[in-house]
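> Structure below; questions to follow.
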């Protein structure tokens, strides 16, 4: 395996970003207490005591240092820095005092458009099972913007248990790094971003794994979702990702959860932005699994999808598709055993 990327040792990148995030978390805790970014328990929350938010500050700080030390100044990277900073700001404000969903959506769209139009990162085509759909520039802009906003909110929605969003994001960045190494695509921006974000997220996860000492808040979950989506777009540019199925299936659980949350609220004639306590992780808690076991179950499902995604990316397409279908059926079976869409009659 090639351990050097752009003249930097990958272990050094991981260690520096990991330690930076690890050391920044206590500072983020103090800032959260000082400015009142505290998550107070209520009937919808799982935690029982007030918890500082703003863990996203530590992740972002580690990402920023990682870029300064190991990144390159390009138009793409400038657009990512601008967009991610906007996302971080709206997340910080929301962690202090909740912002209406519509306003957060507007800010997310602006941040996404900066990456798509100024950074010139967008899908020009989508291929799967031999099918290839090509788009004109306007459609590409719309699809790519939607993708960034959708993934950002998918990660935000699953941030309901200690270590869940951080763990799912860690698995994503790790998987993309493995794919890049196996395909010998180690000179692109996507692998650098993956390694920086992997170290930054792992450092935070030390503090956030149950029992958590701090929450990442919207400043963290929206930023992680944004970076995951942007990383996928960059992967298309350097051909690490040859199909949209790869990032989507790695994120199968949060995407399924988001789609079901939207459907559930439509069936209840509620706004799709209405919060509830019926997400997939809540359903596992209802099945009497502990919070720690619940997140480990979701980690396990994600790792299975990630493993198949690695097989798919390395051209084992036929067997991978069969495994994808089996995993989707397994996930659907688990979901149908819950009341994630409706209450089962007793």
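> For labels at residue 133 and residue 74 in the simple 7 Å Cα→Cβ model, what's the distance in nm?
According to this spin-label approximation, the distance is 2.7 nm.
> Give the calculated FRET efficiency between residue 328 and residue 34 to the nearest 0.05, with a Förster radius of 51 Å applied to their Cβ-Cβ distance.
The formula returns an efficiency of 0.65 here.
> Expressed in nm to one decimal, what extension gain is obtained for the pair residue 12 and residue 271 from 0.36 nm per residue of sequence separation less their Cα-Cα distance?
So the chain would gain 88.6 nm between residue 12 and residue 271.
> May I ask you to order 72-78, 159-165, 20-26 by the average number of other C-beta atoms within 10 Å around their residues, highest value first?
Sorting 72-78, 159-165, 20-26 by mean packing, highest first, produces 159-165, 20-26, 72-78.
> Same structure, new question: Shape verdict for the range 242-294, please, from the Cα gyration tensor: rounded (a/c under 1.5), prolate (a/b greater than b/c) or oblate.
oblate
> How would the range 106-195 be classified by its alpha-carbon gyration tensor: rounded, prolate or oblate, with rounded meaning a/c under 1.5 and the a/b versus b/c comparison settling the rest?
Oblate.
> Please compute one quarter of the surface area of the Cα convex hull for the chain and express it in square nanometres.
The orientation-averaged projected area of the Cα hull of the chain comes to 17.0 nm².
> Which order do the peptides 82-93, 214-225, 292-303 come out in when sorted by mean C-beta neighbours inside 10 angstrom, highest first?
Averaged packing, sorted descending, gives the order 214-225, 82-93, 292-303.
> Still on this structure, please answer the following. Quick one: length gained pulling residue 335 to residue 109 fully straight, 0.36 nm per residue minus the C-alpha distance?
Separation in residues times 0.36 nm, less the Cα-Cα distance, equals 78.3 nm.
Read-outs: derived from the displayed coordinates by stated rules, not from any lab. None of the values given here were measured: they were computed from a predicted structure. Quick reminder, even Gly has a Cβ in these numbers, built from the backbone with ideal geometry, and neighbours come from all protein chains shown.
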